[in-house]
Structure formats: C-alpha cells, structure tokens
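**Q** Following this message is one structure expressed as structure tokens.
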Amino acid sequence: MILKDFFIALSQNQFLNSAAKKYGLKMGAQSVVAGTNIEEAIHSIKELNAHGISCTVDNLGEFVFKKEEATAAKEQILKVVEAIHENKVDAHISLKPTQLGLDIDYDFCKGNVREIVDRANQYNMFVNIDMEDYKHLQPSFDLLDDLSAEYDNVGTVIQAYFHQALEYLQKYQNFRIRLVKGAYKEPADIAYQDKKDIDENYIKLIEWHLLNGKFTSIATHDHRVINHVKAFVKKHNIPNDKFEFQMLYGFRRDLQLKLASEGYNFCTYVPFGSDWYGYFMRRLAERPQNLNLVMKQVFNK
Ligand code: FAD
C-alpha cells in the first residue's frame, strides 16, 4: 500500500510531469506507451488490428490549466480522429476531460469535447470519456449527459472502488460502458480501500451490466475476473457482441492475443505522446512488479 501511495503521489507531481515531457519516453515507459507521435501510434494499431484486436487511442496528457494547452490537445486529438479514418484502422478515441480544460472552465471543456465527438461521429467512431479522480467524476458525468443529448457515439467508465458505483452504472446502463477497478487514490468514505472489496464489487458490476446493459467493456488484466466472465457469459447465453475485454498496451500481450484468438472481442488501450509520466506512474502504482520494466531498461543501457 505504501508503494502504491508513493507512485500515485509521484503521478500527481506537476513538476516531474512537465520535466518528463522534455525527455522522450524513459524509464521503461516505451514498453507501455506506443510512441510519442501519431505515426508511431498508427503503426502499433495496425499491428494489433492484424491480430484481430481493435484499439482505443489515448493522446496522453493531464494537468492542463492553460486554455492554449487544452486547445492544442483538442487539435491533436482531432488529428488522431482523422488519422484513424484515413488509415482505415479499427480504432476509436479515449480522452481525459482534464486534458481538454475541465479544470479551467466546464463550458470551455465541453466545447472541446463536443468538437471531437462531432468529428468522430462523422466517421461513425466512438469516443470514450475516461474517468479520472473523484473531484472530476460529476463534471465528467455532466459532459456525458450534455453530449449524449446530441450524439450517440459517446460513453464512459465506471470505477468499481466507489461505494456508489452500482448506482452510477444503473443510471448509465444504456451507454457503452467500460468497467474498471479504479486507478486513483480515493478516501475511505467514498471508496473501498480493500482489494477484496473492490474485486467483489467489480464482479457485481460486470454481471449486472452484462445482464442489463447495452455494451460492456471489461477492462482488466486480472485473469481471475476474465475467467469468471467467460463462465458467466456462457451460463447466461450472453453473445460475444454484447461485450469486449480491454487491456492496456504492453501488458499481458500473450493473454490479449489468446482472448482475441478465442473469438472474444478484444480492444487494446493505446496511449501515446510525450506526456507519458503520470500514466506510467499510475501503472507502477497498480503493479509494483512493473518496476521490472524500469530495471530492465536501466540495466540494459
Ligand atoms: P489488478 O487488480 O491490478 O491485478 C489483479 C491480478 O491480475 C494481479 O494480482 C495479477 O495476478 C494479475 N495481473 C495484473 N496485471 C498483470 C500483469 N501485467 N501481468 C501478469 N499478471 C497481472 N482506471 C480509471 O480509474 N479510469 C479509467 O478510465 C481507466 N481506464 C482503463 C482502461 C483500460 C483498458 C484498463 C485495462 C484499465 C483502465 N483503468 C482505468 C485502470 C484500472 O482502474 C486499474 O487500475 C488497472 O486496470 C489495474 O487493475 P486490474 O483490474 O488490471 O488488475
């Protein structure tokens, strides 16, 4: 737990975040980040598509407090939308509201996200609003409420560590929803702290949404959860087109390929860009074994 808190604290350090941007992918981040530019990301997507794996693309970025930076992020994501379309790859967009100005002004952020959703909609492309920490939860749901009044190519994420996760899920059951355990540090009055409680709630949400929801993205590297889902869908005759598994780029590649080859819909989350630091530190917080990636890089040099 101490190590987890340590890496989450590092992920939120704005000085280190800005410093890391200048130095390209370091410390093993290149194993889990698909390059620093769109061309490299498209190359990785093509490779995954060749194995029957679709992708959700995240132009990495957080801690945006200046309008120019949020506008630049929007322009970059619009380029990603165009690149996905032009290259005819099987991919859609994942975005973080704080990168698009949520900490600056809600309406400004909504305008940015709306432009992306509108452009993606022209190409029949889905846009996922990723969920960040609790402070941004309600405004992110507000974005979904506002944009879904106009567009149907938008959905979001529900984090199982929240006590109220099932209520959120019930409210958004008619959306394409990604279910995750949750990656941020949240206080005990709103979120489960114990891994066992989070895992139990996660399974509860997955089962509920598979039975009642529109489309479920089960985003986990946990083989126990994946095996449970396989048995559950079989028992309840839930067809493969009602759900998919998702994992992050660079993690459990063998299992990703295996699930795709077994005929399950599989989607890899493909992060790219120079703003990799916070994303990478959260991965270390989730699984300190990922430090192996860092060590290998350091000692291979
Ligand atoms: P864990 O609970 O970390 O691991 C469970 C078990 O699985 C481990 O004990 C181990 O046995 C096995 N395992 C896990 N990883 C590995 C590995 N690399 N190799 C071998 N065995 C392993 N969080 C958010 O808060 N918001 C988001 O929008 C969001 N989007 C996400 C999108 C995707 C596609 C994914 C995969 C995750 C996302 N997350 C997000 C992160 C998520 O909330 C978890 O923090 C993260 O996935 C770690 O939990 P886990 O379910 O993968 O398994």
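None of the figures in this text is laboratory data; all of them are computed from the coordinates on show. Source: prediction; values computed, not measured. Positions of Cβ are backbone-derived with ideal geometry, glycine not excepted, and every protein chain shown enters the neighbour counts.
**Q** I'd like the distance between the alpha-carbon centres of segment 42-98 and segment 107-180, rounded to an integer number of Å.
**A** Here the answer is 16 Å between Cα centres.
**Q** Work out which chymotrypsin sites (Phe, Trp or Tyr not before Pro) in the chain are exposed loop sites (DSSP not H, G, I, E or B, at most 12 other Cβ within 10 Å) and give the longest gap free of them.
**A** It runs 66-301.
**Q** Can I ask one more? Take every DSSP beta bridge whose two residues both sit in the chain, then give the antiparallel share in percent to the nearest 5.
**A** The antiparallel fraction comes to roughly 5 percent.
**Q** For all pairs of alpha-carbon atoms in segment 126-166, what percent lies in each bin of width 10 Å, listed from the first bin to the last filled one?
**A** 28, 54, 17, 0
**Q** Here's another thing I want to ask about it. Can you give the % of DSSP beta bridges in segment 143-296 that are antiparallel, to the nearest 5? Write out the running numbers ahead of the final one.
**A** On the way: 1 of 17 bridges.
If I count the DSSP bridges inside segment 143-296, around 5 percent turn out antiparallel.
**Q** What relative contact order, as a whole-number percentage, does segment 34-275 give when Cα pairs under 8 Å and 6 or more residues apart are counted?
**A** 24
**Q** I would also like to ask the following. If we count other beta carbons within 10 Å of each Cβ, what is the order of ARG253, ARG178, fewest first? Show your work: numbers first, answer last.
**A** On the way: ARG253 13, ARG178 25.
Placing the least packed residue first, the sequence is ARG253, ARG178.
**Q** Please give the contour-minus-distance gain from ASP105 to ALA149: 0.36 nm per residue of separation, less the Cα-Cα distance, rounded to one decimal in nm.
**A** 13.8 nm
**Q** Once you have the Cα-Cα distance between HIS43 and ILE190, take 0.36 nm times their residue separation minus that, and quote the gain in nm to one decimal.
**A** 48.9 nm
**Q** Next question, about the same structure. If neighbour count is taken as other Cβ atoms inside 10 Å, put ASP5, ASP90 in order from fewest to most.
**A** ASP5, ASP90
**Q** Using DSSP loop states and a limit of at most 12 other Cβ atoms within 10 Å to flag GluC sites (Glu not before Pro), what is the longest stretch of the chain containing no flagged site?
**A** Working: sites that count: GLU150, GLU262.
Value returned for the longest uninterrupted segment is 1-149.
**Q** Radius of gyration and Dmax for segment 34-275's Cα atoms, expressed in Å?
**A** Gyration radius and largest Cα-Cα distance of segment 34-275: 17.1, 52 Å.
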